[in-house]
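K.L.:
Please see the structure below; I have some questions.
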Amino acid sequence: MFEKVTVLGAQISNGTIEEIADFLAERVRQKKNTVVYTPNSEIIEQFRKDTSLMELLNSADVLTADGIGVVYGAKILGTPLKGRAAGYDIACKLLEIGNREGFRFFLYGSKEEVCQLAKENLLKQYPGIQIVGTQNGYTKEPVGEKIAQTNPDVLFVCLGAKKQEEWIYHNKHLFSGTVFLGIGGSMDVFAGVVKRAPKIFIKLNLEWLYRLLKQPSRFVRMLALPRFLWQVILEKFKSKR
Ligand code: UDP
């Protein structure tokens, strides 16, 4: 397991994308249930207002720093992380390994047609994987048993923050030997209906700016980032007194 770095109550695993993906692949081979949540600063801001939600987040085996805000936060607190480890990037690395080793994936979340497009694209790009099922994220019926019956090695849960973490938390006991990744809007990116920021934005740590320019309606949500960093600065100040 990874050394943990605490940022505003969230215990972030200090690993690179490669290290985390390699660890998860090993868990697949060992057939051990493993929960991965991928919070950004906005999610930590939301969850830290509710102790039970923060406990749920920290019950994950691996908590990755999805956004650059978390990486800056850790740096300000004097406990730097190795870097950003976005859920989408970890999923892609795991797909690469799965492509070589024939891992069984299940796709859960988003609209039905988006799931089907994502499945098509992933099978084209990673022909060595199996996709043992898909489930849209808008059904009211409980789907845990049905998904567990397909016995996936890796389950991508893309229901958006809070919903996906709670779903994994309440359903993981139905599975044996599955790696769960709560990875928000990644299904939309696999399907090609949402584009990831160009590499240059990611390299310059400006993916948030690209998303804001593409979707100005995210502005209010994104105010969580400066709020988060402000809280980190207050925390640092408190610990110095
Ligand atoms: N979604 C879903 N069921 C719901 C609500 C949302 O499957 O009841 C999907 C939605 O279609 C989208 C993803 O969850 O694909 C949420 O994406 P977003 O970018 O909002 O994720 P976040 O930023 O919260 O990680």
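The values are calculated or read from the model by the stated rules, or taken from the named source; none is laboratory data. These numbers were taken from a predicted model, which means no experiment stands behind them. So basically every Cβ, Gly included, is an ideal-geometry build from the backbone, and we count neighbours across all protein chains shown. Ligands, DNA and RNA are stripped out before the accessible areas are found, and what is left, the full protein with its side chains, is counted by its heavy atoms. Shrake-Rupley method; radii C 1.70, N 1.55, O 1.52, S 1.80 Å.
K.L.:
So if the hydrodynamic radius of the range 30-109 is defined as the Kirkwood radius over C-alpha pairs, what does Stokes-Einstein give as its diffusion coefficient at 25 °C and 0.890 mPa s, in µm² per second? Walk me through the intermediate numbers first.
P.N.:
Numbers: Rh = 14.3 Å.
Using the Kirkwood radius from Cα pairs, D works out to 172 µm²/s.
K.L.:
Evaluate 2.2 N^0.38 Å with N set to the residue count of the range 63-105, then give the Cα radius of gyration divided by it.
P.N.:
1.50
K.L.:
Work out from phi, with θ = phi - 60° and the Karplus expression 6.51 cos²θ - 1.76 cosθ + 1.60, the ³J(HN,Hα) of each residue of the range 83-88, listed in order in whole Hz, and give x for Gly and Pro.
P.N.:
Those phi angles translate into x, 7, 10, 5, x, 4 Hz.
K.L.:
Sort 110, 52 from largest to smallest accessible area, using a 1.4 Å probe on the heavy atoms of the protein chains.
P.N.:
Sorted descending by solvent-accessible area, the residues read 52, 110.
K.L.:
Amide H to amide H, which residues 5 or more places from residue 10 or on other chains are under 5 Å from it, using H placed in the peptide plane?
P.N.:
none
K.L.:
Restrict the search to the range 111-205; then list the chymotrypsin sites (Phe, Trp or Tyr not before Pro) that DSSP places in a loop and that have at most 11 other Cβ atoms within 10 Å of their Cβ.
P.N.:
For chymotrypsin sites (Phe, Trp or Tyr not before Pro) across the range 111-205 that sit outside H, G, I, E and B with at most 11 neighbouring Cβ atoms in 10 Å, the list reads 138.
K.L.:
A follow-up question, please. Given the options 145, 166, 19, state which has the largest fluctuation in a GNM of the chain using a 10 Å cut-off (strictly under) for Cα springs.
P.N.:
145
K.L.:
Which whole-number percent is the relative contact order of the chain (Cα, under 8 Å, 6+ apart)?
P.N.:
Computed over the chain, the figure is 24 percent.
K.L.:
Amide H to amide H, which residues 5 or more places from residue 178 or on other chains are under 5 Å from it, using H placed in the peptide plane?
P.N.:
Sorted by chain and number, the residues that satisfy this are 33, 34.
K.L.:
Over 24 Å, how big is the tail of the calculated P(r) for the range 82-241, in percent of all Cα pairs?
P.N.:
Value for the range 82-241: 42 percent of Cα pairs lie more than 24 Å apart.
K.L.:
If you filter the range 50-147 for trypsin sites (Lys or Arg not before Pro), then keep DSSP loop positions with at most 14 other Cβ within 10 Å, what is left?
P.N.:
140
K.L.:
What would the Debye formula give as log10 I(q)/I(0) at q = 0.13, 0.17, 0.26 Å⁻¹ for the alpha-carbon point model of the range 132-197, no solvent?
P.N.:
With no solvent term, the Cα-only Debye profile gives -0.35, -0.60, -1.29.
K.L.:
Measuring from centroid to centroid over Cα atoms, what is the spacing of the range 189-222 and the range 21-87 in Å?
P.N.:
20 Å
K.L.:
Step through the residues of the range 128-138 one at a time and calculate ³J(HN,Hα) from phi using the Karplus curve (6.51 cos²θ - 1.76 cosθ + 1.60, θ = phi - 60°), rounding each to whole Hz and writing x for Gly and Pro.
P.N.:
x, 8, 10, 10, 8, x, 9, 8, 5, x, 10
K.L.:
Mind checking which of 85, 229, 68 is farthest towards the positive end of the chain's charge dipole, using Cβ charges of +1 (Lys, Arg) and -1 (Asp, Glu) about the Cα centre?
P.N.:
229
K.L.:
Under a 10 Å cutoff between Cα atoms, tell me which one of 43, 147, 200 has the largest fluctuation in the Gaussian network model of the chain.
P.N.:
Per the Cα network of the chain with a 10 Å cutoff, 200 tops the list.
K.L.:
Additional query: With the radius of gyration and the Kirkwood radius both derived from the Cα set of the range 96-177, what is their ratio Rg to Rh?
P.N.:
Ratio value, two decimals: 0.96.
K.L.:
Continuing with this model, one more query. Quick check for you: with a 1.4 Å probe and neighbouring chains kept, what is the accessible area per residue of the chain, in Å²?
P.N.:
It amounts to 50 Å² per residue over the chain.
K.L.:
Taking the DSSP beta bridges in the chain as the whole, what percent of them are antiparallel, to the nearest 5?
P.N.:
Looking only at bridges with both residues in the chain, the antiparallel portion is about 15 percent.
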